[in-house]
Every structure is written in C-alpha cells, then in structure tokens.
Amino acid sequence: MSRRTAQLTFFLLIVSIISTNGIRAENYDLIPIPEFYNQPLLNGMEILFFPGKDDRVPFVLMIKNGAAFDPVDKWGLSYLTTWMMFEEAQNRNGLEIQEEIKKLDARLDFQVKWDVIHLFGDASREHLVDVLNLLSEMIVHPAFTEETFQRLSLELEEKVEEESEQMQARTQQLFAAEIFQMNPYGHPVKGVPKTIRNLKLRDIRVHYRKLFIPNQAQLALYYSGERDSTFKALSRYWGNWVRRAPLPFTFRKAVPPDGRRIYLMDGAASDGMFRLGKLGVSRDSADFYALKVFEQYLILSLPAWAGEIAQKQQIHASTEVEARLMPGYLQLSIQAPAEQLLAYYGKFDSLIGELGKGGIDMPRFEEAKRLVYLELVYSLQDPIPRLYQLLDTNLFNLGVNFINYYGYRLNRVTPEVFQRAVQEYLSLEDFVMVVAGPRDQLQPELEKIGQVRVVP
C-alpha cells in the first residue's frame with residue numbers, strides 16, 4: 001500500500017485520473033465502509049473477515065507494537081525478533097515452516113515499523129487456513145535458538161552497514177534523528193551496527209513476550225463460503241496464543257528544533273540530496289487533514305518548480321506527511337544536481353510565505369483536496385490496501401467511521417483553516433535541513449540560510 005510518497009510521474013497520473021472522473025470538491029459524499037465481520041477469540045485476538053471471491057487470498061496480521069519499544073541502546077531488537085521467527089520456526093511435525101509455505105504455493109513476509117508489526121502474504125483459497133495456521137506456529141511457538149540468533153544478527157549488521165552507505169538512507173537517518181531527538185521515532189527500525197552488536201538472545205526472548213501478544217493483534221483476510229468453519233479452524237491454533245497485559249505507549253515527545261538545524265554531508269557526487277522538514281501531528285489530530293491537503297498542494301507545485309529550475313533535466317522529488325501514534329513530520333525531498341538544490345529551498349520558502357499571507361491558489365487548493373479524498377477512495381477499491389485501511393483505523397484509534405466521514409472532514413479544511421495550519425506548523429523560523437553534496441559548492445550558499453554543521 002502506498003505510504004505518503006509520490007514521484008513527479010505519479011502527480012501527472014493522478015491529475016489525469018481526476019480530470020477523467022470529474023470529481024468536484026462539493027461532491028465529497030459519505031464513503032461506504034467495506035463490508036467485514038469482526039470475530040474475537042477468547043484471548044483477545046480479533047479476526048476480520050472480508051467477503052471475496054478471488055482465487056488468491058491476501059491476509060495481514062497486525063501487531064499493535066513496534067520498534068518504538070526498542071531499548072535506547074538496542075535499536076533493531078523488534079526487527080531481529082520478527083526476522084528470527086520467520087527463519088527458524090518449525091511446525092508440530094518438526095518440518096521447516098518456510099518449506100511448507102513454499103509447497104503450498106503461498107507468500108509470506110513481514111514489515112516492522114515504529115508503531116506496528118505487519119506479517120502479510122497471500123495463498124490459494126483452498127490452502128488459506130493451512131497457511132494461516134503455519135503462521136500461527138511461527139508467532140505462538142517461536143524457537144529462538146542461539147545458532148539462528150548469531151547468524152541473523154551478523155546478517156542484519158551487514159545489511160545495515162550496506163544501507164548506511166547509500167546517500168538516501170544516510171540523509172534520511174540523520175533527518176529523522178534530528179527531527180525527533182530523544183523520541184524513539186528518531187532511530188532506524190533495523191538499528192545501527194553498534195546497537196545490533198549489543199543484542200543478546202535473552203533480549204529477543206524477553207522482547208517477544210512483551211510485544212507479541214494476542215490482545216494486541218488483528219488478523220484480516222478474505223473469505224468465501226462458510227465463515228464460521230474458517231473461524232473454528234483458525235481458532236484451534238491461534239487460540240493457544242497466551243494473553244498478556246500490553247505495554248503502555250508512553251514515550252518522550254519530540255520537541256521542535258530551537259531554530260534552523262542545517263547539516264551538510266560532504267560528497268563529491270554531481271547529484272545531491274536535499275531534505276527539509278518539520279514536526280507534524282499525530283494521526284488522530286484534526287489538523288492532519290489540513291497537512292494532507294498541504295502535502296498534495298506541494299506535490300502539485302513541484303512540476304512547475306522543476307520546469308523553472310531544472311528545465312529538461314530529470315529530478316526525483318517527493319513530499320510526504322508522516323503521522324503516527326505520536327506526531328510525525330512533513331518532509332520535502334529533492335535529488336538533483338548539486339547546483340540546483342538550494343533553488344528548491346527558495347521556492348519552498350516563497351510558497352510558505354505566500355500561503356501564510358493568504359495567497360492561496362484556489363484551483364490548486366481544491367485539486368489538492370480532491371487528491372487527498374481520492375487517495376482513500378482508491379485504496380478501498382484495491383483488496384490489499386483495503387485490509388490495511390481498516391486495520392489502521394484500529395491502530396490509530398480512529399474507529400471505522402473515520403472512513404465514512406473522511407470527505408466531510410476534508411470539507412472542513414477551508415482556505416482559512418489551511419492558512420492557519422501553514423502558519424502554525426510550517427514556519428521556516430525552525431526546521432531541519434539535511435543536504436548531501438560537494439562542500440565547497442554548497443556550504444557558502446547554505447550559510448546564507450543559517451549556521452551549517454558539516455558531518456562526515
């Protein structure tokens with residue numbers, strides 16, 4: 001499922017779709033909530049059944065705990081714990097579960113985020129229950145052997161070191177660390193080599209008992225035929241998962257930077273990287289909708305900026321609003337020739353100034369609202385994003401009626417509300433900027449904006 005990032009080619013595609021469909025701002029009707037049935041187990045786990053008839057059946061298991069619970073000196077613990085369950089689990093007959101899943105022509109994968117862990121995949125309809133019960137063996141009865149721990153921790157350390165050499169990963173890691181400071185969102189989900197080396201097998205076992213609990217879990221899947229028989233077949237395995245008290249989600253909040261934090265990564269590459277961002281809001285905030293409209297307003301502005309700055313040269317540009325259980329961020333990212341990078345800052349600065357004074361391009365504003373509306377509408381039309389959208393309403397404590405009234409909440413984002421949100425959240429008196437490129441070329445220009453800290 002798309003998570004907030006859009007490339008310039010995507011902007012043009014969506015604009016084309018809107019023009020074809022002719023959706024207008026005043027037509028933001030109630031969005032129907034997809035049909036589903038919620039059946040809980042005695043241990044608190046919930047199974048969400050969605051009616052469907054496709055031969056391949058997608059499914060998502062959501063654990064409402066994530067990498068935010070990693071201890072400060074042991075980043076990557078949630079990721080490694082989840083990975084170990086995938087790599088060494090055996091079924092009741094002692095056979096490797098991954099081999100069994102391959103024999104059943106199924107797909108299974110995982111993703112660890114700060115607020116949540118997703119285990120997802122798909123299977124043929126006739127083998128769905130078998131695959132989901134194999135997944136339960138992974139989750140409910142993990143092995144966690146020393147041999148697997150040693151092997152995977154070394155592999156994870158190597159993987160993290162390789163990723164840290166990439167410009168995009170390095171700049172994003174520094175950006176997150178400076179935006180969030182002591183908040184856990186500031187650390188990489190996979191950790192860094194030093195924190196991975198701090199991990200012990202006992203950390204994995206203790207962390208598993210804290211995070212992987214059924215009363216923090218929802219399993220979403222499609223079904224056809226007799227739903228009760230599917231539920232009974234699943235409950236025989238998933239019902240063995242022991243209920244425990246969840247950890248309280250209490251963490252130090254991120255604090256906006258006191259002024260402009262500008263970092264320059266010295267590099268000789270002709271192409272540079274530019275990241276500019278501010279703290280945003282949590283997912284349940286009413287201001288989320290105004291910031292989502294700004295996200296799309298900025299996306300719609302980028303092609304014109306690229307045309308003026310880069311002319312026919314190709315660039316990679318995106319903007320995203322991340323909103324989670326705690327406040328996330330808004331970020332503008334540009335990858336372009338180094339000599340063009342700061343011209344984009346100038347464009348952004350001018351845009352914020354214009355919007356703060358009420359200089360809103362009304363056609364662009366209404367189009368941005370339509371884009372936000374369509375992002376949800378189209379996601380509900382696709383089987384896999386539909387599962388995630390319903391699970392997110394639980395994860396972020398929104399309630400399923402959030403979907404129903406999404407358009408009405410967007411209608412409340414008037415030009416006045418939009419202007420206030422820009423003034424409150426997007427003042428350029430304080431921000432985090434991370435730039436990668438030739439120091440000799442970029443530092444003099446950056447110092448015109450504020451004090452520059454050069455990093456290796």
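The values are calculated or read from the model by the stated rules, or taken from the named source; none is laboratory data. What you are looking at is a predicted structure, and each value in this text was computed from that prediction instead of being measured. Don't worry about glycine lacking a Cβ; one is built from the backbone with ideal geometry, like all the others, and counts go over all protein chains shown.
So the values come out like this:
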read-out: Matching option when the condition is under 25 Å from ILE63 (Cα atoms), hydroxyl-bearing (Ser, Thr, Tyr), touching an Asp or Glu at 6+ places or on another chain (Cβ under 8 Å) and in the same structural domain as TRP75 (by TED's automatic domain parsing), among TYR208, TYR222, TYR185; value: TYR222
read-out: Of all residues in segment 310-363 being of a type in the set (Val, Ile, Thr) and under 28 Å from the mean Cα position of the chain (by Cα), the one that is surrounded by the most Cβ atoms within 10 Å (Cβ to Cβ); value: ILE334
read-out: GLU157 vs. criteria outside the structural domain of MET326 (by TED's automatic domain parsing), out of contact with any strand residue (DSSP E or B) (no Cβ under 6 Å at 6 or more places or on another chain) and free of Cβ contacts under 8 Å to residues at least 24 places away in the same chain; value: no
read-out: Criterion: surrounded by 17 or more Cβ atoms within 10 Å (Cβ to Cβ) and at pLDDT below 95 - qualifying residue of GLY307, GLY267; value: GLY267
read-out: All positions within segment 138-152 that are part of a helix (DSSP H, G or I), out of contact with any Phe, Trp or Tyr (no Cβ under 6 Å at 6 or more places or on another chain) and surrounded by fewer than 20 Cβ atoms within 10 Å (Cβ to Cβ); value: GLU146, GLU147, THR148, GLN150, ARG151
